[in-house]
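Take a look at the structure set out below.
Derivation of every value follows stated rules applied to the coordinates shown; laboratory data play no part. Just so you know, these numbers come straight off a predicted model, no measurement behind them. Don't worry about glycine lacking a Cβ; one is built from the backbone with ideal geometry, like all the others, and counts go over all protein chains shown.
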Amino acid sequence: MMKKILLTLAIAFGLTQITKAQTVTCLPCDQLSMTVNVSDTNYLNIYHAGQYLTHPQEFNVFAWEFTDQQGNIIFEDTIVDDAIVSFSHSFPISDTMNVTVYLRNDSAILPGGNIVNCLFEDQIYWEVGVYPSGTPWGRWEFITGDFSNPGVDLNVVLAVDDFSYQKKELVKIVDILGRETSFKNNHILFYIYSDGTTERKYISK
């Protein structure tokens, strides 16, 4: 539901003329990412690099959504001009949490004239281990790893997927490490198509 709303907003905003001043510094979506900053069993604090790498910072808008595997909302918030989202929750550490964040900045203009218009998706799970001393530890971590969840440029996605009727065929499926694989439930997979587009999918069962 949130993804559909975000894509609708991206279409609506993306087709309007940009009137704000161009930025001095910004990076494309695939060079921005997020990491778990602080966590506990019932607390999450996530840092997004887009805030400090996209200028002017005061126009950065982050729409965050956290859901369970059934799509139920755990937490959502829209934050302006801040790199951190944090919240307390009662989500069980035995489950995996979906994270979606949409970053938009109408004043940050990339080479080629597009605004910063990025969608980031990942999952968080409770990782456990044991210190050399023998003391067990646990923390929330992204499945792809810290700073390994680059964004998708919705300007490009919309241009290719929503406004093109070119027939596309599935070329191959790869996992998060880039290894070719077959379909698997409960895994993040990337579907690569003949028209050059890529879809990230996760199907739970």
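Arranged from highest to lowest average of other beta-carbon atoms within 10 Å per residue, in what order do the peptides 30-40, 59-69, 128-138 appear? Write out the running numbers ahead of the final one.
On the way: 30-40: 16.8, 59-69: 19.2, 128-138: 8.2.
Ranked from most to least packed, the peptides come out as 59-69, 30-40, 128-138.
Using a simple spin-label model with points 7 Å from Cα along the Cα→Cβ vector, what separation in nm is obtained for Thr35 and Ser86?
The modelled label-to-label distance comes out at 1.7 nm.
Taking neighbour counts of Cβ atoms within 10 Å as a proxy for exposure, in what order, fewest first, do Phe142, Phe75 appear? All intermediate terms of the calculation are to be shown ahead of the outcome.
Details: Phe142 21, Phe75 17.
Ascending number of Cβ neighbours within 10 Å: Phe75, Phe142.
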